[in-house]
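Notes to accompany the following structure.
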Amino acid sequence: MLRTFFKTEAGSTSVLLVATALALLWANSPWGDTYETFWHTPMGLSFGSAEFSLDLRHWVNDGLMTVFFFVIGLEISYEMRLGQLRDRRLIAVPSVAALGGMLVPAAVYLALNAGGPGAGGWGVPIATDTAFVLGLLAIVGARCPDPLRAFLLTLAIVDDVLAIIIIALFYTASLSIPALVTAAVLLAAIMTLRWLRIWRAPAYIVLGFALWVATLESGVHPTLVGIALGVLVFVYAPSDQKLLLAGEAVQEFTSDPSARAAREATRRVRLAVSVNERLQLRLHPWSSYVIVPIFALANAGVRLDAESLRTAVTSPISLGIVAGLLLGKFAGISLGTWLPLRFGWGVLPGNLVWGQLLGGAAVSGIGFTVALFIVDLAFDDPAVQSQAKIGILAGSLLSALFGWVIFRMAWDRGGVCAPPEAEPEEELPELLSVPVGSDDHVRGPADAKVTLVEYGDFECPFCGRLHPILDELRERHPELRTVFRHYPLRTLHPRAVPAALVAEAASDQGRFWEMHDILFDNQRFLTDADLAHYSAELDVEPWTEVREHRRRVARDEESGMASGVRGTPTLFLNGRRYQGGLDLESISKAVAELIRSP
C-alpha cells in the first residue's frame, strides 16, 4: 500500500509542476486578464426555480478538492487499522514532529504579522505538500531510503488531519444552524447504512452529495465531508475464509472456464479486498494526476511583474510565509522529532539517522496545495492573495533547495554509518584484534583460503546494501567464508540492539543466518512486534536468555572497538582492515588477490 502510494504521488509531481507552470505562464501572458475571468465563470444546477451555482474556482476548491480529501481520509483509515499508524510507537515521533511543524511556522508567521492585516494568514505555512515532497525525495534517490518516505508520509497524514481541523475551527466565517443540522442528519444516515452493512454505491453517492451541499450551505468548509466519508469507508484485512472462497472460485474458473465462473471468481476476489483499498486504487490516480493539477492551474496563477515582486519583497505576509516554510518547518519538525526520541515516547521506522531526518524536515517546508487552499479562505483581497502566493512559491522553492543541500552535504558520508563521537582523524589499528573462533557466526567452508569479517548493524542502511553484495560474493568465490559480528550504533539506530538480541536467540537454535537474512531484508520494520513476528516464523523464543545475549553482543562490540571499528560496515580480509570500496567489484578484486596469493 505504501509503495503504491509513493509511486503515485511521486509520479504526479511532474504533472503538478506542469500545471503550476501553465498557471504562471497564463497569468503573466498578454492574455493574463482572462485567467481570473475564466475561473470566475459561474456554473451551476437549476431545478425549476431552485438554483445552485458556484464559479469554476469554487467548484474546484470546494468540489474537486473534496475528492482529494476523501482519498486522504481513505489513507488515514487504512493506515490506522492495518498500516503503520496502528503502531503507537511508530506514529508517536512523526505525530509530534507534525505538531511542531505546524506550531513553529505559525508562530514565525505571527511574529511578523501579529496585529496586522495579514494576521489571519497564519495557517498558510503550516501544511506540507505530500506530492511535491515525495517527488523531490524520488529525485534525491539513494540518499533517501524507504523508511524516510514512510516517516514523512505518516507526518503528512497527521499534518493533513491537523490542517483540516484548523480549517474547520478557524476558517469558517459564519454558520447556518438549519444547514448544519441537515448535514448532521445526513452524516448519521450514512453511518447507519455502514452499521447495517448496506453497501449500495448509489445510496452513498446520493447521500454524500446531499451532505456536501448541506455542509457548503452551513458555512463549514465542505472538504471536511471528504475526510469524514473517507475515514468511514470500511477497511479490513482479507480473512482466511474470503481468501479460501476466492481461491476456490478461481480454481473452478481455471478447471472449467465459463462466463458464470468468471463472474463468480471476479466477485469473490473483489470481496476479499476491502472497499477502502479498491477505492484508493481507483481514485488515487484521479486525485494525483487530475484533481490536484487542476487545483494548481486554478490557484497558482499569480502575476510576477516587477511591481508585484517589489511589493512581495517588503510584504510581511510574503516574508512571514517564506520564513514559516523555510525556517519554521525545519525547526518545528526537527524539534518535534528530537523530543519524543529523547524521552522514549516512540521509535523511528527502520534505519533512519539524523542526516536523513534533517533533510526530510527541510523538504517538508514545501507547502503548496493546502497552503494555496488556505490563502483562498484567509484573504479576500486579490492583492493580498497575490503576496501570499508569491510567498508560498518562494518558500517552497527555497525549502526544496535547502533539503537538497542537506541530503547532499550532511548525509553523503561515503557509504558508512558512524556515530557522532567517532573521530575520523584517529589512527586506527590495521589488524583484527580477536581472531575468528568457534563461537563466531560463520558462513562458508571451514578451510576457506579467505575469511571476511563484517562488523555490522541490522539498522545500518549501508550494511543493508552490502548484504546482497556479500551473498553474490560467496557465489563468485566458493573459497570465501564470511563472519558477522555485531556492532550496533546505539546513538543512531535505536532498534539495532533488539534486532541483534533476536538474532542471538535464533543462534541458540542454530538459525542465526536465517534470522540475519530476515532482519536485513526487513530493515524498515524492526519494532518489537515485527521482531516477535520474525521469531514466530522461525519458531524462536526471542526474549529468553537476554542477559547472555547482551553479553555476546557486548563482546563483539569490544572486539570491534579494539580493532578500530568506528562505523558500519567495517570489513577485515584475513585479519587485515579492508579499505576499498563497498561495491561488488572492489571487494571481489581484493578477495581474488588473496586467493591467488601463495
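The values are calculated or read from the model by the stated rules, or taken from the named source; none is laboratory data. Every value quoted in this text rests on a predicted model; they were computed, and no experiment measured them. So basically every Cβ, Gly included, is an ideal-geometry build from the backbone, and we count neighbours across all protein chains shown. Heads up: the accessible areas ignore ligands, DNA and RNA and are worked out on the full protein's heavy atoms, side chains in. Shrake-Rupley method; radii C 1.70, N 1.55, O 1.52, S 1.80 Å.
Examine region 1-9 for a residue that is among the hydroxyl-bearing types (S, T, Y), open to solvent by 30 Å² or more (accessible area, probe 1.4 Å), modelled with pLDDT under 75 and closer than 30 Å to S274 by Cα, and state whether such a residue exists. So far as region 1-9 goes, yes, one or more of its residues are among the hydroxyl-bearing types (S, T, Y), open to solvent by 30 Å² or more (accessible area, probe 1.4 Å), modelled with pLDDT under 75 and closer than 30 Å to S274 by Cα. The number of residues in region 548-589 being under 19 Å from T482 (Cβ atoms), in a helix (DSSP H, G or I), of a type in the set (A, V, I, L, M) and open to solvent by 20 Å² or more (accessible area, probe 1.4 Å) comes to 1.
The residues of region 472-501 that are within 27 Å of the chain's Cα centre (by Cα) and more than 17 Å from V442 (Cα to Cα), listed by number, are P488, L489, R490, T491, L492, H493, P494, R495, A496, V497, P498, A499. D160 passes every criterion in (1) modelled with pLDDT of 75 or more; (2) crowded, with 17+ Cβ neighbours inside 10 Å; (3) under 19 Å from W122 (Cα atoms) apart from (1). Within region 389-396, the presence of at least one residue that is in contact with a helix residue (DSSP H, G or I) (Cβ under 9 Å, 6 or more places away or on another chain), farther than 20 Å from G116 by Cβ, modelled with pLDDT of 85 or more and open to solvent by 10 Å² or more (accessible area, probe 1.4 Å) is confirmed. Just to verify a result, which residue in region 312-321, among those that are open to solvent by less than 60 Å² (accessible area, probe 1.4 Å) and hydroxyl-bearing (S, T, Y), is nearest to Q387 (Cα to Cα)? The residue in question is S318.
Residues in region 214-224 that are outside any loop (DSSP other than H, G, I, E, B) and farther than 19 Å from G73 by Cα: A214, E217, S218. Consider L211 carefully, then state whether it is in a helix (DSSP H, G or I) and surrounded by 14 or more Cβ atoms within 10 Å (Cβ to Cβ). Criteria met by L211.
Within region 445-476, the residues that satisfy the criterion of being touching a residue at least 40 places away in the same chain (Cβ under 8 Å), out of contact with any strand residue (DSSP E or B) (no Cβ under 7 Å at 6 or more places or on another chain) and either charged (D, E, K, R) or more than 27 Å from A536 (Cβ to Cβ) (or both) are K449, E459, R465, L466, I469, E472, R476. Checked against (1) touching a Lys or Arg at 6+ places or on another chain (Cβ under 7 Å); (2) modelled with pLDDT under 90, E541 passes all but a single condition, namely (1).
So which residues in region 238-281 are within 30 Å of I76 (Cβ to Cβ) and of a type in the set (V, I, T), if there are any at all? If the condition is that a residue be within 30 Å of I76 (Cβ to Cβ) and of a type in the set (V, I, T), then T266, V269, V273, V275 are the ones that fit. The criterion of at least 2 residues that are in contact with an Asp or Glu (Cβ under 9 Å, 6 or more places away or on another chain) and either modelled with pLDDT of 80 or more or under 30 Å from E277 (Cβ atoms) (or both) is met, among helices (runs of 4 or more DSSP H) falling completely within region 21-122, by 65-81, 88-113.
Counting only residues that are loosely packed, with under 13 Cβ neighbours inside 10 Å and charged (D, E, K, R), region 241-266 holds 3 of them. Annotation for region 356-374: no member residue is without any contact (Cβ under 8 Å) to a residue 12 or more places away in the chain and open to solvent by 10 Å² or more (accessible area, probe 1.4 Å). Taken over region 522-547, the residue count meeting the criterion of being open to solvent by 10 Å² or more (accessible area, probe 1.4 Å), closer than 18 Å to R511 by Cβ and not in a loop (DSSP other than H, G, I, E, B) is 7. The residue list G575, G567, G560 contains one member that is at pLDDT below 90 and of a type outside the set (D, E), which is G567.
Would you mention how many residues in region 284-302 are closer than 26 Å to N28 by Cβ, surrounded by fewer than 19 Cβ atoms within 10 Å (Cβ to Cβ) and in contact with a Ser or Thr (Cβ under 7 Å, 6 or more places away or on another chain)? Total satisfying the criteria: 1.
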